[in-house]
Amino acid sequence: MTLDLIIIGAGPAGISMASEARAAGVPAERMLVLEKAAEHSFTLKKYYPDNKLVTANYKGFEAACTGVLCIPDLSKSETITYLTRRSSRMASGALWGNSAKLAQDTATGVFTLSTDKRDYTAKVVVIAIGILGKPNKPDYPLPRTLTSRLLFDVTSTEIKGDNVLVVGGGDSASEYCQYLAQQGNTVTLSYRRDSFPRMNSINRASLLSLGERGNVRLMLGSDIETVKDNAGKPIVHFNGGTQEQFDYVVYALGGSTPENFLKMIGIAFDGPAPVLKEGHETSVPGLFLVGDLSAGSKGGSIIWAFNSANTAMRKICDDYLGCTVEPLPGDNTSS
């Protein structure tokens, strides 16, 4: 069965998106919510101090609610209680602690979300993840003269037909290798362990298959000691005394880079910002951004997250699902 809607992220924006869809008449069994953490609103729960006031008016955004969800100024615990109550109304199929890969069939417009358990297809996908931290960097110093050759993503610089070293052993490392191999590069992966325990099964299988076919050279159990500038290109010194020169080194050492993630899906950018059309729809038809990712460089408030979900749902109903957005009586309060 092709679902009506897949929501990636179960923070305030994702919970609001699911609530808006339910209010518009989308059945719970025709939605899926995917969350990488093991619970909803993980960032708020982990990083907000217990005594922090969650303000409705944040960074100049007017605290006027337009949709199903709304809060006044609340404490952290009150906000989590409110979101917990609302999350119980989300899609019946919620996947916790699960990452996935997203692709679209350009001929049909249908999206496929591949998880460890199975594949899901949907007419519409809404990305409701937050703006997270910067990528981690290695312990050894990186020559400033090689800034354009030592990268932390695969989208800021066009890399085609080059000799590329990817460093890391998580999901991003595998996804980078897959992407770079598709671009016709000679790809090597360096990882300090002899297996990939942090990788999900899809990315692990894809990477090992690339290795078996000779599309990616796997250097397991390898540690990098230094990187030096050799005539404008990085020469990498590994443990054991070996060294090798590459055109580029791409680090995938953890951290979060939403911009890179979105570009790999195919979303167009104007400078550092994703190109958004009416209703927070991206350049990919049927793919929407809500919450922080739709708020611009200032970032968004929880009220913004709620309202952006309502705005997106109106566009989704009009153009894709044929539903109607009407706020539920009594739902536009914090009670």
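Quick check on my filter: what residues within the range 110-127 are at pLDDT below 95 and farther than 21 Å from I15 by Cα? Selection gives S114, D116, K117, R118, D119. L44 meets all of the listed conditions (1) modelled with pLDDT of 90 or more; (2) open to solvent by less than 20 Å² (accessible area, probe 1.4 Å) but one, namely (1).
Give the residue that is surrounded by the fewest Cβ atoms within 10 Å (Cβ to Cβ), with candidates limited to residues of the range 205-228 that are under 22 Å from T155 (Cβ atoms) and under 28 Å from the mean Cα position of the chain (by Cα). Let's see the steps before the verdict.
Restricting attention to the range 205-228, the residues satisfying the condition of being under 22 Å from T155 (Cβ atoms) are 206-207, 210, 215-216, 227.
Among the residues that remain, those that are also under 28 Å from the mean Cα position of the chain (by Cα) are: 206-207, 210, 215-216.
Details: S206: 20, L207: 25, L210: 20, N215: 17, V216: 24.
Only one residue tops the list, namely N215.
Sort out for me the strands (runs of 3 or more DSSP E) sitting completely within the range 238-290 that have 2 or more residues that are over 20 Å from N185 (Cβ atoms).
Values: elements: 243-245, 248-251, 287-289.
The strands (runs of 3 or more DSSP E) meeting that bar are 287-289.
Name the single residue that is farthest from A309 (Cα to Cα) among those in the range 253-291 being at pLDDT below 90 and among the aliphatic types (A, V, I, L, M). If we take residues in the range 253-291 being at pLDDT below 90 and among the aliphatic types (A, V, I, L, M), then L253 is farthest from A309 (Cα to Cα).
Table: residues versus (1) free of Cβ contacts under 8 Å to residues at least 24 places away in the same chain; (2) within 16 Å of the chain's Cα centre (by Cα); (3) closer than 19 Å to F261 by Cα.
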| site | (1), (2), (3) |
| --- | --- |
| D105 | yes, no, yes |
| T112 | yes, yes, yes |
| D116 | no, no, yes |
| A122 | no, no, no |
| I127 | no, yes, yes |
| K137 | no, no, yes |
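Looking across the range 74-129, the residues that are farther than 24 Å from S201 by Cα, touching a Lys or Arg at 6+ places or on another chain (Cβ under 9 Å) and of a type in the set (A, V, I, L, M) come down to I80, M90, A91. The set of residues in the range 229-242 that are more than 25 Å from K160 (Cβ to Cβ) and surrounded by 13 or more Cβ atoms within 10 Å (Cβ to Cβ) comprises H237, F238.
Limited to the range 47-72, what total is found for residues that are among the hydrophobic types (A, V, I, L, M, F, W, C) and modelled with pLDDT under 85? Full working, then the answer.
Pass one, the range 47-72, residues among the hydrophobic types (A, V, I, L, M, F, W, C): 53-54, 56, 61, 63-65, 68-71.
Next, only the ones that are modelled with pLDDT under 85 stay: 53-54, 56, 61, 63-64.
Final tally of qualifying residues: 6.
The values are calculated or read from the model by the stated rules, or taken from the named source; none is laboratory data. Predicted, not measured: the structure shown is a model, and the values here were computed from it. In this analysis, Cβ positions are derived from the backbone assuming ideal geometry, glycine residues included, and neighbour counts consider all displayed protein chains. Just the protein is used for accessible areas: all its heavy atoms, side chains included, with ligands, DNA and RNA removed. Shrake-Rupley method; radii C 1.70, N 1.55, O 1.52, S 1.80 Å.
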